[in-house]
Amino acid sequence: MSGPLSRRQALSVLALGAAGTATGCAGPVPDDHGRLTLWGPPAGPTIILAHAVHLGLADFMARDVAVRAWRSPDELRAGLTSGTIQLSVMPLNTAASLYNRGQDVRLLNVMTDGLLYVVSPDADITGPRHLKGRSLAVPYRRDAPDVVLRSLLAFHGLVVGEDMTIRNTGSPIEAVQLMLTGAVDAAFVPEPAASAAIRSGGLVGKTIRRVIDVQQQWRAVLGDPGATLPQAGLAVRGLFQRDNAERLSRLNRVLAEAAVAVNADPEAAARAAAGSLGMPASILEAAIPFSNLRVVEAMTARPAIERYFSTIAAADPAILGGRAPDEGFYL
């Protein structure tokens, strides 16, 4: 187990975690020296990439394979537009929107079944209905997690602005800081920001808990105890996929193997990923058990993805670029 964090370290982790919401990328095609950089946000799916590289499972992709973290959606979009990014872990709605807007992007797999939580120092909040009369900080208005939350609140009969208050923020760190200062009662954040919030709370004398597991509540919304929240996965530029179909099929298999290894030994996986993600291993280790990491091929996961898409598109069709992607989106 890694040592304790200082307050400054914990807040720095939250800052890095802000990029993780737009929950990764894989970089340029192998260059003349056989190097390939795999990119990802500082979040669970990128831990899988980093651990796969650490274990040597991705050596077949290039002579030299590395993992680095991207820090903003703008960096992702610029890389996709320029062609320097060929593979990217990204939110599934982002991949669908790019595809529907004419970008040559296809979905290779799903790498998490959801990593969203409501955290709060208020132990009386144990479910969505207990948010009535309270205030909640929520990052990235009209992004997919925000739409998921609003669908969840509506299912429980809560009207935003009447029954409870939402304060939208520009990042998870802002949401957590509002909660830690008492400006709001709770914060809606992804992992690893939730784990960092819990650690940061301890440093300022507050006991922060994950009071609502959004994945669990999503199953209630859908009325299906086996339903998943397929939040992010690995997308690939079409030209790269067509030139490397066999290697990418093998990559899917080794990433599935790496995901099992990550879940089996979070401490080792966190150590392997900390340098690439630029985050303390202790935070990553704490986040792994709550990140619902697994790798499922896109075509296999398609029914769950389409169910997810139909639910969020009912609330905001623009979130997918105006329509659900057709079958060409799935590999």
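Summary table below
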item	result
Pairwise centroid distance, computed over Cα atoms, of region 301-319 with region 197-240, Å	17 Å
Packing-based order for 187-194, 271-278, 317-324, using average beta carbon neighbours within 10 Å, highest first	187-194, 271-278, 317-324
Helix-only CD estimate at 222 nm, as mean residue ellipticity for the chain, using -39500 (n - 2.57) per DSSP H run (n ≥ 4)	-13500 deg cm²/dmol
Burial ordering of Tyr330, Tyr99, fewest other beta-carbon atoms within 10 Å first	Tyr330, Tyr99
For Arg167, Arg68, order by how many other beta-carbon atoms lie within 10 Å, fewest first	Arg167, Arg68
Residues with amide H under 5 Å from that of Val211, placed H, sequence gap 5 or more	Val118, Val119, Ser120
Cα centroid of region 92-169 to Cα centroid of region 53-67, whole Å	34 Å
Cα centre as origin, Lys/Arg/Asp/Glu Cβ charges: region 116-222 dipole, Debye	80 debye
Rg to Rh quotient for region 116-222, alpha carbon positions, Kirkwood Rh	0.93
At 0.890 mPa s and 25 °C, Stokes D of region 132-177 from Kirkwood alpha-carbon radius, µm² per second	228 µm²/s
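Read-outs throughout are calculated quantities, based only on the coordinates presented, and are distinct from any laboratory measurement. Everything numeric here is computed off the predicted structure, so don't read it as measured data. Reconstructed Cβ throughout: ideal geometry from the backbone, glycine too, with neighbour counts over all protein chains shown.
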